[in-house]
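Before any comments, here is the structure.
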Amino acid sequence: MGKRHNMRSSTGLVEMIGLKEKFTFNPKEGIDNPVMVITDDAASVPTPSPRLCVLKREEGESYGFHLRVERGRHGHIIRNVVLGGVAGCSGLQDGDRLLEVNNCYVDGVPHPEVARKIKLSGHQLCLLVLDGEEYEQAVLQGQDLRGLTRAHKGEGCKPPRLCHITRDPVSGLGINFTPMEGEKGCFSVSLVTGGSAEKAGVCKGDHLVWMNGATVSDLTHSALSRMMKKCGNHITILVIDSESEKNYKRQRMPILPTMAVPHNLPYRARKLHLVSGPEGYGFLLRQERAPSGRMSHVLREMDRGSPAEKAGMQDGELLLEINDESVETLTHQEIVDRVRQSGQQVSFTTITSKGLEFFTQLGLSPLLFCEGDAAEKEKESSVPDSEAEKSVQNEMDGLCKPRLCSLQKGPLGFGFNLSCIPHSPGTVISQVAFGGSGQSAGLLVGDVVMEVNGQNVEEKYLEDVVMLVKEGGHFLSLLVVDKTSYNNMRQTDTPTRDVTDSEQEEENCEISSL
């Protein structure tokens, strides 16, 4: 620990009504009679019925299902539902397609992002699913699945708000809670106009759901008042407007902080994107023990003018993720290896030590609320659906286009390394040398190799791919695509696993003599 790592690179639905009209056969019209045709169409296109499954697990318990994408099938598929397990008891069934995770629409979202949302849900999870056959039929008929989910939830269903309130020296917290008559554990909000609570995003008439990590549904008014007195100068609450709350109750859906839009949170995780310079990234990575006894990976001593400093890295920040992979179970050396394997650029998710303590006390993952998330949600809600979907589609079309990279061998060879999963077909770019032919040609770490010199290698093993590269002599043509887009294009199988379990890193077989 304490060793400096400069991180240099080593290489629409139509409702059918009014069809009760009596029909008299007209031989001149025959089977083209419009009433006959419309009636037949209406009967043959039933409206799909999504199901809400609420999963709640205990500490150390698995949700008991796998999430997959499979070749030749659409959507995120529920598999291996454990009989008698949490998922099974919730009504989740093998072959179901996932439409929403915690009220967030995920059909069409890359698989790793969906798996990540589930992992960050903690001990409670809401999944909106559709029967597999209904889903496939809906896709074939071009039905609007997003519109289907909205129709299922109804109008006026807004997300809850997670609001952090700081006490004002004069007006205090600026909020009071009034028990709702005849409803245990239900409290409405009253505000001081212009007070701290109102400034923190709480609205008049909101209902209280959660306070400082504890649900209030089982609390008496006196117990809630005692909590308020103990909160000191700060309080974090989960609130929702009354109409949306009625919608949640109608659907029997719990209102969770993982569904919330954050307001006024004092700490947020940050995404940092670094591009390596001639002297590497320019920072020190240390493993340190906090006063609480917890070991953390800490970012230290940013060099002046370095890529780390330019990215906004701050001394003492804690590392949470590297390239969207959690570092919680990684050793110091494994993190260093991940950075080096990233080539010329790397992504970090970081937070301050006080920020981590804040979220830990609330019982929430700091990864739930990264800087920019709230702004992105507001932007999405303000853009018309057709425009938003068109924008996403254009972006996906751009990403999914394979790239043809032409290379000529130089002093660094072709300037890239290849990697594979042992004993399995499929080859990826694991490293790209700074200033080498691979970098000049546009190769990126994580790219999947589809063709070598015009020959498809998607089902070939690493050794075969290496031989084809060598046979090409001093010139090489590679058809590549980024890994996420490749998976979306091919709908390839992902490893069968419970996405709530810790993922084990698979050992890579490295070939670096190119």
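The values are calculated or read from the model by the stated rules, or taken from the named source; none is laboratory data. Every value quoted in this text rests on a predicted model; they were computed, and no experiment measured them. In this analysis, Cβ positions are derived from the backbone assuming ideal geometry, glycine residues included, and neighbour counts consider all displayed protein chains.
Would you be able to say whether some residue in the stretch 11-23 is at pLDDT below 90, part of a loop (DSSP other than H, G, I, E, B) and surrounded by 15 or more Cβ atoms within 10 Å (Cβ to Cβ)? Checked the stretch 11-23: at least one residue is at pLDDT below 90, part of a loop (DSSP other than H, G, I, E, B) and surrounded by 15 or more Cβ atoms within 10 Å (Cβ to Cβ).
Taking the criterion of being out of contact with any Lys or Arg (no Cβ under 7 Å at 6 or more places or on another chain), of a type outside the set (D, E, K, R) and surrounded by fewer than 19 Cβ atoms within 10 Å (Cβ to Cβ), the residues of the stretch 273-293 that qualify are 273, 275, 278, 287, 290, 291, 292, 293.
Restricted to the stretch 327-371, and to residues there that are in a loop (DSSP other than H, G, I, E, B) and either of a type in the set (D, E, K, R) or not assigned by TED's automatic domain parsing to the domain that holds residue 317 (or both), the residue that is modelled with the highest pLDDT is 328.
If only residues of the stretch 287-326 that are in contact with a Phe, Trp or Tyr (Cβ under 9 Å, 6 or more places away or on another chain) and of a type in the set (A, V, I, L, M) are counted, the one that is farthest from residue 268 (Cα to Cα) is 302.
Looking at the stretch 165-179, is at least one residue in contact with an Asp or Glu (Cβ under 8 Å, 6 or more places away or on another chain), assigned to a loop (DSSP other than H, G, I, E, B) and crowded, with 17+ Cβ neighbours inside 10 Å? Looking through the stretch 165-179, at least one residue is in contact with an Asp or Glu (Cβ under 8 Å, 6 or more places away or on another chain), assigned to a loop (DSSP other than H, G, I, E, B) and crowded, with 17+ Cβ neighbours inside 10 Å. Is it the case that some residue within the stretch 99-118 is farther than 30 Å from residue 370 by Cβ and at pLDDT 90 or above? For the stretch 99-118, residues farther than 30 Å from residue 370 by Cβ and at pLDDT 90 or above: absent. State all residues of the stretch 203-230 that are of a type in the set (D, E, K, R) and within 19 Å of residue 361 (Cβ to Cβ); if no residue qualifies, say none. Listed by number, the residues that qualify are 226, 229, 230. Checking each residue in the stretch 135-164 for being assigned to a loop (DSSP other than H, G, I, E, B), farther than 21 Å from residue 196 by Cα and either among the acidic types (Asp, Glu) or modelled with pLDDT of 90 or more (or both) picks out 144, 155, 159.
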